[in-house]
Amino acid sequence: MPPKLIALIEKVLATDSSLSFDPQKLSRFMLGTEGLEYFDKKQRRLMAVITLTQSYEIKALLDLANQCAIDETLAFSLYPISTGQNWGYGTSQPAGLSKNIILVDLGKLTDIKHFDSELGLVTIEPGVTQQQLSDYLQLNNHDYMVPVTGAGPDCSILANALERGYGITPYTDHFSAVTSIQGYWANGRPYQSAVNELDASDDKFVDKTFKWGLGPYLEGLFTQSNLGIVSQMTIRLAKKKADFTSFFIQMQDDALLEEAVPLIRQVLQDYEGIVGSINLMDQRRLLSMFARNPKGNATHQVMNNKEIKTLANDLQAPSWTIVGSIYGSVGVVSAVKKEIDVIFKQLPCKRVYSNSLAIVLTNKVINKLPDWLIIKIPIIAKVAEQLDSFNKGKEIMLGKPNKVALKLAYWRHKGAQGFDKDKLSPGKDGCGLLWYAPLITMKANKMREFVNFIRETCPKFNIEPFITFTNLKHDCVDSTIPIVFDLSNAQAVTDAHNCLKELVEEGLKKGFVPYRLSIDQQQWLLNKDSDFWQTVDQLKTSLDPHNILSQGRYNPN
Ligand SMILES: Cc1cc2nc3c(=O)[nH]c(=O)nc-3n(C[C@H](O)[C@H](O)[C@H](O)COP(=O)(O)OP(=O)(O)OC[C@H]3O[C@@H](n4cnc5c(N)ncnc54)[C@H](O)[C@@H]3O)c2cc1C
């Protein structure tokens with residue numbers, strides 16, 4: 001890195017911020033679950049990492065990058081991350097392939113700038129994690145839920161919304177819950193909404209209450225894009241309700257999918273606002289949550305029918321499980337639970353509720369047993385382990401973050417059993433994971449076509465076909481297919497990427513279109529000459545004339 005550039009950058013940084021080009025530190029940011037370095041042989045690299053401690057430095061850095069862009073010897077580009085745990089989509093690695101990328105780590109901007117307890121509106125900086133917000137709400141006795149995801153406590157809330165991620169609390173779609181953004185376009189111009197600009201009052205609060213602002217809606221341009229850096233975001237939090245129960249509808253027969261789909265749709269339409277999103281998981285996916293890989297973790301092979309049958313019998317895992325939650329007053333939860341029970345009774349299924357007497361009592365008994373006894377008696381140990389996962393799943397639905405879902409990423413990890421389950425971090429731990437996350441119309445025949453497609457395609461590449469459907473609305477389902485592989489096995493990495501490629505390419509022919517892409521897919525899937533991406537390019541030219549921001553991120557030009 002040219003000494004002149006180092007001096008220029010250091011001049012704009014706050015005293016406790018840092019610029020590092022130590023190869024060891026840089027390599028930590030290049031650790032991803034995606035295996036890109038082994039697969040596409042395209043060397044992604046970083047020139048430096050800047051860790052900011054003050055949000056005003058964002059503008060100073062953007063201005064500097066624009067000034068330096070006209071001098072070939074000093075030109076550099078910036079790539080912001082918040083917590084850099086975009087596992088399966090790129091982790092903390094930059095999308096672009098150029099030599100002079102400086103990663104801007106915003107993880108130390110952890111201020112909860114404002115919270116209105118009457119309205120449940122919170123304004124946060126990029127580094128605020130799910131756990132930090134959870135602690136803040138708990139400490140101050142605020143009855144609101146964190147918009148948690150399966151990615152867990154250490155992940156940024158703001159960045160997940162910018163990726164247009166979703167969770168399973170009542171405000172499923174995280175960007176939908178964003179009411180206001182402030183930040184900077186790549187050309188250095190500050191962004192605040194027109195409502196904020198017009199508001200002549202001292203606190204300019206009304207902007208935080210209204211998503212759409214005034215005039216063209218520009219805030220969407222900060223999401224899945226490379227046009228600006230967000231320095232703060234206001235999010236509408238869901239209020240905790242007086243009562244809650246989750247429901248687990250278990251169907252033994254795989255063929256019941258077609259009958260279940262209209263019932264799920266009915267529940268979503270009839271109890272909108274009371275029932276959160278609903279997940280539908282197949283048997284293999286359920287086993288990945290509760291069982292150990294019977295093949296041994298490093299085996300590059302899918303489970304055979306006998307192994308699945310043995311595990312399923314052992315854990316009483318059904319072919320399909322419908323999971324959802326009811327939030328409301330005590331009266332509403334009780335009434336809706338009864339009605340939902342009647343709806344699903346139409347199917348041959350087992351219906352389990354988290355507030356049922358059996359579950360409450362089992363929890364009580366297990367909690368009373370000493371640890372040594374639980375460990376000593378295998379059957380009790382198994383029940384305790386399952387109950388623990390079940391309770392953690394329930395916590396997530398109640399907006400309390402935990403790491404229970406991360407176990408999935410270790411399914412094919414050689415040392416899976418050796419990790420402390422409270423410290424899991426798939427990128428650092430060397431897990432192999434990619435996501436195939438297509439949108440599917442919520443019609444039974446389309447969903448069955450998708451199931452067949454996944455079950456035919458994944459095993460061809462020795463990838464376990466784990467299926468989850470998450471209902472974003474009554475009309476649209478997103479399926480997240482985790483492509484889990486052994487990152488230390490070159491053949492497994494190649495197979496995983498080829499599997500994803502076939503899923504995407506063949507899926508498009510069937511109308512299954514991803515809602516989110518990995519940094520690698522962003523390079524080969526998008527057609528730069530299409531009307532859509534040409535328009536994006538026109539915006540890019542205007543907002544980032546020197547192309548100094550997040551090159552290659554959701555932009556094929
Ligand atoms: C087992 C497992 C379960 C998961 N479950 C979920 C889930 O339920 N829902 C879900 O959505 N995801 C899930 N994920 C995927 C992913 O890990 C999460 O989405 C995670 O929140 C993204 O990482 P991050 O928050 O650290 O974002 P970052 O990596 O910090 O950011 C993501 C990208 O956004 C951009 N960005 C970040 N900050 C800014 C900023 N301030 N301004 C402009 N651009 C910015 C950058 O390009 C960055 O690369 C899961 C992953 C695993 C392994």
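Bear in mind that the values in this text are calculations on the coordinates, not laboratory data. Values in this document were obtained by computation on a predicted structure and should not be read as measured data. Every residue, glycine as well, gets a Cβ built from its backbone with ideal geometry; the counts of neighbours run over all protein chains shown.
Brief remarks follow.
- Placed amide H near Thr245: partners under 5 Å, 5+ positions off or other chain: Ile326
- Summed side-chain charge close to Ser17 - residues other than Ser17 whose Cβ falls under 12 Å, Lys, Arg +1, Asp, Glu -1: -2
- Pair Ala298, Trp372: separation of 7 Å Cα→Cβ label points (nm): 3.6
- Between helix 3-12 and the chain there is an angle of about 70 degrees, using the helix long axis and the longest principal axis of the Cα atoms.
- The slack between Ser334 and Lys350, meaning 0.36 nm per residue of separation minus the straight C-alpha distance, is 3.9 nm.
- Compared with the direct C-alpha span, the chain from Ser201 to Asp475 gains 94.5 nm at full extension, assuming 0.36 nm per residue.
- Cα gyration tensor shape of segment 112-236, rounded if a/c is under 1.5, else prolate or oblate by comparing a/b with b/c: oblate
- Segment 243-429 - Kirkwood radius from inverse mean 1/r over Cα pairs (Å): 18.1
- Note on Ser530 and Ser117: the model spin-label points, each 7 Å out from Cα along the C-beta direction, lie 4.8 nm apart.
- Residues of segment 238-265 with an amide N closer than 17 Å to a point placed 7 Å from the Cα of Val342 along the Cα-to-Cβ direction: 263-264.
- Solution diffusion estimate, µm²/s, Stokes-Einstein, the chain, Kirkwood Rh from C-alpha pairs, 37 °C, viscosity 0.692 mPa s: 132
- A protection proxy built from the mean count of other Cβ atoms within 10 Å ranks the segments 485-497, 447-459, most packed first, as 485-497, 447-459.
- Around Gln386: net Lys/Arg minus Asp/Glu count, Cβ-Cβ under 12 Å: -1
- For peptides 222-233, 404-415, sequence by mean Cβ density within 10 Å, most packed first: 222-233, 404-415
- Among Thr179, Tyr38, Ala14 the positive-end extreme of the charge dipole of the chain (Cβ point charges): Tyr38
- Anisotropy class of segment 342-470 from Cα gyration tensor, a/c 1.5 cut: oblate
- Backbone geometry of segment 215-225 corresponds, through the Karplus equation with coefficients 6.51, -1.76 and 1.60 at θ = phi - 60°, to 3J(HN,Hα) couplings of x, x, 7, 9, 5, x, 5, 7, 9, 6, 7 Hz, x marking Gly and Pro.
- Taking the longest Cα principal axis of the chain as reference, the axis of helix 130-139 is set at about 80 degrees.
- Report note on the peptides 272-278, 502-508, 247-253: ranked by the mean count of other C-beta atoms within 10 Å, highest first, their order is 247-253, 272-278, 502-508.
- Separation of the Lys364 and Gln316 label points, Cα + 7 Å toward Cβ, nm: 1.9
- The local environment of Met289, defined by Cβ-Cβ distances under 12 Å, has a net charge of +2 under the rule Lys, Arg +1 and Asp, Glu -1.
- At R0 = 41 Å, FRET efficiency that the Cβ-Cβ distance of Gln386 and Lys239 yields, to 0.05: 0.85
- Rg/Rh ratio calculated on Cα atoms of segment 1-81 (Kirkwood radius): 1.00
- Filter on Lys108/Lys382; Lys239/Lys364; Lys295/Lys501; Lys113/Lys211; Lys403/Lys473; Lys208/Lys443 - keep pairs with C-alpha separation over 30 Å: Lys108/Lys382; Lys208/Lys443
- Greater than 29 Å apart at Cα, pairs in Lys306/Lys460; Lys240/Lys337; Lys400/Lys428; Lys309/Lys509: Lys309/Lys509
- For segment 1-76, GluC sites (Glu not before Pro) are listed when DSSP marks them as loop and at most 10 other Cβ atoms sit within 10 Å of their Cβ; the list is Glu72.
- Helix 357-368 and the longest principal axis of the Cα set of the chain meet at an angle near 70°.
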